[in-house]
Amino acid sequence: MRMENIKAKAFDLRKDTVDIVVAGNGGHIGGDMSVIDILISLYFCQMNISPDRLEDPDRDRFVLSKGHSVEAYYAVLAAKGFLNLEDVKANFSKFGSSYIGHPNNKLPGIEMNSGSLGHGLPVCVGMALAGKMDKKSYRVYTVMGDGELAEGSVWEGFMAGHQYKLDNLCAVIDRNHLQISGNTEDVMGHEILSERISSFGWHVISVADGNDIDQLNAAFEEAKNVKGKPTAVIANTIKGFGSSVMENKANWHHKVPTQLEYDQIIADFAARKEALLHE
């Protein structure tokens with residue numbers, strides 16, 4: 001798929017994500033919108049994965065540590081052929097459904113149940129170490145929220161990643177500056193985040209616009225060439241990105257749009273997609 005088409009597709013997948021939230025009458029829509037470009041970059045441009053090779057021992061591994069952004073994850077997995085979008089929308093957040101509000105590894109393409117924050121990076125350290133021990137060439141990716149960094153287990157993961165020189169590991173931070181209780185800097189500040197992670201022995205790449213797929217791809221390509229240490233990608237994103245109705249508004253952390261809000265959000269997506277296609 002051509003890059004301009006992938007960028008335009010990001011707004012189609014945003015619509016799919018909002019539709020999933022509306023269908024399930026709940027969802028973490030703000031974080032969905034900030035993280036979806038990261039997921040698209042990984043799933044459509046970077047990772048060696050396929051729904052035809054679910055058990056391939058050489059496949060890349062991915063864990064959505066900020067599991068509450070599962071609606072965006074479902075949309076991307078459906079677009080990649082792992083899930084059926086209509087089935088997701090019909091059954092998301094319904095009693096007895098496998099499409100629950102956090103990733104569920106009973107579904108194809110999902111490596112690990114997540115949602116309890118702070119677990120993705122330590123588990124991915126284990127996956128990456130296993131790859132090294134088995135002399136495999138696969139890469140391991142995890143995406144964390146910036147609010148999640150208040151969890152101590154994250155920093156144990158940073159420490160262990162350096163100790164074992166896991167250059168096959170890439171941790172992405174969705175740095176949207178907002179969490180459920182407000183601005184991250186008011187709750188548990190990360191004003192020197194790059195230096196902090198660097199001090200744990202990691203290579204750190206700061207992406208100025210974490211909702212720009214070109215910039216994300218450049219960061220992931222750089223990470224692949226780093227030897228002897230893991231890489232952290234700090235993606236500076238906008239919570240609710242794609243519509244002024246949601247952007248940078250903490251109350252959109254978990255919210256279902258009204259019909260009026262929905263109509264405006266979808267119109268905003270369409271306008272931004274159209275602008276991309278005519279750049």
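Tabulated data
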| item | result |
| --- | --- |
| Restricting the stretch 1-28 to residues that are under 20 Å from V172 (Cβ atoms) and in a helix (DSSP H, G or I), the residue that is modelled with the lowest pLDDT | M3 |
| Any hit, the stretch 255-262, residues being farther than 18 Å from E71 by Cβ, out of contact with any Lys or Arg (no Cβ under 8 Å at 6 or more places or on another chain) and of a type outside the set (G, A, S) | yes |
| Condition check for L64: buried (at least 24 other Cβ atoms within 10 Å of the Cβ) and more than 28 Å from D263 (Cα to Cα) | yes |
| Selection count where residues are in a strand (DSSP E or B) and of a type in the set (V, I, T), scope the stretch 225-247 | 3 |
| K89 being among the basic types (K, R), part of a helix (DSSP H, G or I) and touching a helix residue (DSSP H, G or I) at 6+ places or on another chain (Cβ under 8 Å) | yes |
| Test: residue in the stretch 112-125 that is surrounded by fewer than 19 Cβ atoms within 10 Å (Cβ to Cβ) and aliphatic (A, V, I, L, M) | no |
| Residue in the stretch 13-22 that is closer than 26 Å to K94 by Cβ, surrounded by fewer than 24 Cβ atoms within 10 Å (Cβ to Cβ) and more than 19 Å from the chain's Cα centre (by Cα) present | yes |
| Residues of the stretch 101-110 that turn out to be surrounded by 19 or more Cβ atoms within 10 Å (Cβ to Cβ) and at negative phi, as a count | 2 |
| Qualifying position, being over 17 Å from the mean Cα position of the chain (by Cα), free of Cβ contacts under 8 Å to residues at least 12 places away in the same chain and either under 30 Å from V140 (Cα atoms) or outside any helix (DSSP H, G or I) (or both), among E222, E195, E274, E279 | E195 |
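Rundown of residues vs (1) within 18 Å of the chain's Cα centre (by Cα); (2) basic (K, R); (3) outside any strand (DSSP E or B), yes/no style:
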{"residue": "E71", "(1), (2), (3)": "yes, no, yes"}
{"residue": "Y74", "(1), (2), (3)": "yes, no, yes"}
{"residue": "P103", "(1), (2), (3)": "yes, no, yes"}
{"residue": "G131", "(1), (2), (3)": "no, no, yes"}
{"residue": "E148", "(1), (2), (3)": "yes, no, yes"}
{"residue": "A160", "(1), (2), (3)": "no, no, yes"}
{"residue": "A171", "(1), (2), (3)": "yes, no, no"}
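The values are calculated or read from the model by the stated rules, or taken from the named source; none is laboratory data. Fair warning: this is a prediction, and the values are worked out from it, not measured in the lab. Counting neighbours? That spans all protein chains shown, and the Cβs are built from the backbone with ideal geometry, glycine included.
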